[in-house]
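The values are calculated or read from the model by the stated rules, or taken from the named source; none is laboratory data. Just so you know, these numbers come straight off a predicted model, no measurement behind them. No Cβ is skipped: glycine too gets one built from the backbone with ideal geometry, and neighbour counts run over all protein chains shown.
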Amino acid sequence: MASQGDLYRQKLEDIDNQTLNKVLMYNPYHVHDGEQCLYKTARLTASGAIIGAYISVFDLAVYKGTPLTYMLALGKFVKWTFPVASMGAAYGATICIASHLRGNKSDELNHAFGGAMIGAVIGAKSQNMQMGCWTAVGFGILCSIIKHGTKYDWWKLTTESLGAPKERPLWFYKTAFLTTRPQPMDTGNEATN
């Protein structure tokens, strides 16, 4: 009789690689703004939570205050993880709502609204209205530029597509660049004065 672990491994082997890549490499910019709203919001919330957890781990690593306790570590984790996760949730939900309110349009303006909501969450977290306004403008511009660049494949530009000459890697020359070269041998054929 197969164990539960064997059944789980068999299920994982049954999933083909293309489907697995579609699940793991979800990109909200390649989906119409008004489609998959709940899934998109959940994925952006999870991404925000992961980024917030990384920030909190970094904050704990460089912490130089009173002795670190479990409650202090938990407080720092909550301080960073939940606001960044709520930024992802606000971004995903605002994109979908703006798309539906604007007649199912999928363009840069929806992402500018989403970026403005990220700034609003930052302003609420810091309790500073001026910071919230400026970060709303900044993230609105940044998110609309990312959407525009994804829409027109700016990120796929390579040196070859721009017509630049192809560079060769260092191993092409099969030479150790960090060692000294031996002096050429004297063959005796040189002209002497």
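Which of the residues belonging to the stretch 117-140 are surrounded by fewer than 18 Cβ atoms within 10 Å (Cβ to Cβ) and either hydroxyl-bearing (S, T, Y) or without any contact (Cβ under 8 Å) to a residue 12 or more places away in the chain (or both)?
Once the filter is applied, which keeps residues that are surrounded by fewer than 18 Cβ atoms within 10 Å (Cβ to Cβ) and either hydroxyl-bearing (S, T, Y) or without any contact (Cβ under 8 Å) to a residue 12 or more places away in the chain (or both), the stretch 117-140 yields A124, S126, Q127, N128, M129, Q130, M131.
Could you list, ordered by first residue, the pairs with Cβ atoms under 8 Å in which the first is in the stretch 95-116 and buried (at least 16 other Cβ atoms within 10 Å of the Cβ) and the second is acidic (D, E), at least 6 apart or interchain?
Close Cβ pairs satisfying both conditions: I95/D33; C96/D33; A98/D33; S99/D33; S106/D33; N110/D33; H111/D33.
Scanning the stretch 112-145 for residues that are among the polar types (S, T, N, Q) and either in a helix (DSSP H, G or I) or modelled with pLDDT of 95 or more (or both), which turns out nearest to W80 (Cα to Cα)?
Ranking the candidates gives S126 first.
Counting residues that are at pLDDT 80 or above, under 18 Å from V121 (Cβ atoms) and not acidic (D, E), which helices (runs of 4 or more DSSP H) fully inside the stretch 1-99 reach at least 1?
37-61
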